[in-house]
1. Given the chain, what whole percent of its Cα pairs are spread farther than 28 Å?
2. Working out 0.36 nm times the residue gap between LEU200 and GLN185, then minus their Cα-Cα distance, what length gain in nm do you get to one decimal?
3. Can you pull the one-decimal nm distance between simple spin-label points at SER167 and HIS147, each 7 Å off the Cα toward Cβ?
4. So how much slack lies between VAL250 and GLU11, counting 0.36 nm per residue of separation and subtracting their Cα-Cα distance, in nm?
5. Report the label-to-label distance for ALA193 and ALA239 in nanometres (one decimal), using points 7 Å from each Cα along the Cα→Cβ vector.
6. Each residue of region 79-89 in order: what ³J(HN,Hα) in whole Hz does its phi give by Karplus 6.51 cos²θ - 1.76 cosθ + 1.60, θ = phi - 60°, with x for Gly and Pro?
7. What's the magnitude of the charge dipole for region 3-202 around its Cα centre, counting Lys and Arg as +1 and Asp and Glu as -1 at the beta-carbon? Answer in Debye, nearest 20.
8. Determine, at each q value in 0.15, 0.17, 0.21, 0.23 (inverse angstroms), the log₁₀ of I(q)/I(0) that the Debye formula gives when each Cα of region 135-256 is one equal point scatterer.
Amino acid sequence: MNGISSIPLPEGFRHLALDTVQSTNLECLERARQGEPGGLWVTASRQSAGKGSRGRGWVSDEGNLYASLLLTEPGATAGLHTLTFVASLAIRDCLLALSGGGLARVTLKWPNDVLVNGGKIAGVLLESHVLDGRRHVIIGIGINVAHHPAETLYPATSLRDERMAVSLDELLQHLARAMAARLAQWKGGEGIAAVRADWLAAAQGIGEMIEIRMPASGGEKVLAGRFEGIDENGLLILAGAGGRRERISVADIFFA
């Protein structure tokens, strides 16, 4: 299918369903360049050049949900990065609603992953662009429905593996509803305190020892410490030896 779909979505949102594309984020960007006002969900059956965080590829074979939401001037520029937490919470809300509480554990892994029973089931890729003086934010979401990649930095799972059957249309409908509710809570960035509190309540590994791998000049820097949570800007707080506390903006984290 290629075109605007008839899936019922919250007021102010539309859905463009496509077959194979390079990436749904790129499709959103192209439509923003063409004057698309925002509130547009773009999905694809397959991505030929899907992207994950930090420039990694995202395996995008048919059967999973590949979706991006285009927003125009959603809030103050300084707080736009916190939409990652908004999206993660919306994915979690969606999965819990669809399963009726049947999924044993749905938790959030800093900064942009959703876990089911400890395995990564979804990720978020946030992009921001200024076109003709207007700020456009694209929230890219991938949810493993029918399958998941075999070789990953972190264990992965899918809804099928978790014995949960759902159509892609039904999944998108619930996701769009959950996202609209979480965007209303976020309130252009004014509601970040409530979003942060909800994220912390659902986070994996708070208070536990973790390992952090972060980009550094000439390679990778590895740190270990206790995961204290996130600050008001979404930075990870790591308590290390001697009471030293560090705030981390970009890294991969691994639980002990």
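1. 31
2. 3.9 nm
3. 2.2
4. 82.6 nm
5. Output for this residue pair reads 2.3 nm.
6. My calculation for region 79-89 gives x, 5, 5, 6, 5, 4, 6, 4, 5, 4, 5 Hz in order.
7. Working: 19 positive and 19 negative charges, 88 e Å.
Dipole magnitude for region 3-202 comes out near 420 debye.
8. -0.99, -1.17, -1.28, -1.29
Read-outs: derived from the displayed coordinates by stated rules, not from any lab. Just so it is clear, the model here is predicted, and its values are computed rather than measured. Counting neighbours? That spans all protein chains shown, and the Cβs are built from the backbone with ideal geometry, glycine included.
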